[in-house]
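Report on the structure given below.
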Amino acid sequence: SAVISQKPSRDICQRGTSLTIQCQVDSQVTMMFWYRQQPGQSLTLIATANQGSEATYESGFVIDKFPISRPNLTFSTLTVSNMSPEDSSIYLCSVGGPANTGELFFGEGSRLTVL
Amino acid sequence: SQKIEQNSEALNIQEGKTATLTCNYTNYSPAYLQWYRQDPGRGPVFLLLIRENEKEKRKERLKVTFDTTLKQSLFHITASQPADSATYLCALDPFSTSTGGGNKLTFGTGTQLKVEL
């Protein structure tokens, strides 16, 4: 299984600011996934990040709001831009398991509170 | 529209009993379905995956069934313990095929299980 480290684990942010979340994996992976989990809700996929190409965003999520970097096969960042209280959520980084197993490994998440 | 539904009400059971959680889905035809456990403040942890051609899958005290006709999966924990208390999420990959998937999972809202002494 993959070990995934996320930073920060939590933060309190002011409205209108931006915050970058880092995700480090202990092995090389092709795809990394960013999910959001709003209070009392389930996980929603924001985007899929492949190394060397632009991230693929899901419906309802745009690059200007959630820019993603994927500089190498073990690291990715998600930025939450121009934050509003509605962005208060847990943001989770995940990677896939062995080929064709379908399972996902998750980081511990980054809990953001926007005031 | 596509939906994954899990009972949003918490399930409270006594230690030693079998807990049964339900996951229903509509307008999907996944090749497999997964179950995850999530503890407060933690990321989800993978438990089991069951494929469309498997009616039942077991792992220690866990059992999962998958009925593609009913579009339903049941998740059982036998001899439940207080340590089993957590939220359990079902998930599927809308694009999965019999030869594999892309890990692009859609999650249900989860059911909170509380096992009492």
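The values are calculated or read from the model by the stated rules, or taken from the named source; none is laboratory data. Note that the structure is a prediction, hence the values are computed from the model and not measured. Quick reminder, even Gly has a Cβ in these numbers, built from the backbone with ideal geometry, and neighbours come from all protein chains shown.
The set of residues in region B:54-95 that are part of a loop (DSSP other than H, G, I, E, B) and within 14 Å of another protein chain (Cβ to nearest Cβ) comprises B:E54, B:D93, B:P94, B:F95. Residues of region B:27-53 that are part of a strand (DSSP E or B) and within 28 Å of A:Y91 (Cβ to Cβ): B:Y32, B:L33, B:Q34, B:W35, B:Y36, B:R37, B:Q38, B:V45, B:F46, B:L47, B:L48, B:L49. Reported count of residues in region B:46-73, each being of a type in the set (A, V, I, L, M) and either surrounded by fewer than 16 Cβ atoms within 10 Å (Cβ to Cβ) or farther than 17 Å from B:A19 by Cβ (or both), is 3.
When the residues of region A:43-66 are narrowed to those that are over 23 Å from A:S9 (Cβ atoms) and of a type in the set (D, E, K, R), which ends up surrounded by the fewest Cβ atoms within 10 Å (Cβ to Cβ)? Going through the qualifying residues, I end up with A:D64.
Yes or no, residue by residue, for (1) surrounded by 17 or more Cβ atoms within 10 Å (Cβ to Cβ); (2) touching a Ser or Thr at 6+ places or on another chain (Cβ under 6 Å); (3) without any contact (Cβ under 8 Å) to a residue 24 or more places away in the chain:
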position: A:I68; (1), (2), (3): yes, no, no
position: A:L73; (1), (2), (3): no, no, no
position: A:T79; (1), (2), (3): no, yes, no
position: A:S84; (1), (2), (3): no, no, no
position: A:I90; (1), (2), (3): yes, no, no
position: A:P98; (1), (2), (3): no, no, yes
position: A:F106; (1), (2), (3): yes, yes, no
position: A:G109; (1), (2), (3): yes, no, no
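Count of region B:88-116 residues, restricted to those that are at pLDDT below 95, of a type in the set (A, V, I, L, M) and under 10 Å from the mean Cα position of the chain (by Cα), is 2. When the residues of region A:67-97 are filtered to those that are of a type in the set (A, V, I, L, M) and more than 14 Å from the chain's Cα centre (by Cα), the one that is farthest from the other protein chains (Cβ to nearest Cβ) is A:M83.
The number of residues in region A:44-64 being within 21 Å of A:M83 (Cα to Cα) and charged (D, E, K, R) comes to 2.
In the condition set (1) within 14 Å of chain B (Cβ to nearest Cβ); (2) surrounded by 15 or more Cβ atoms within 10 Å (Cβ to Cβ), A:G40 is compliant with all but (2).
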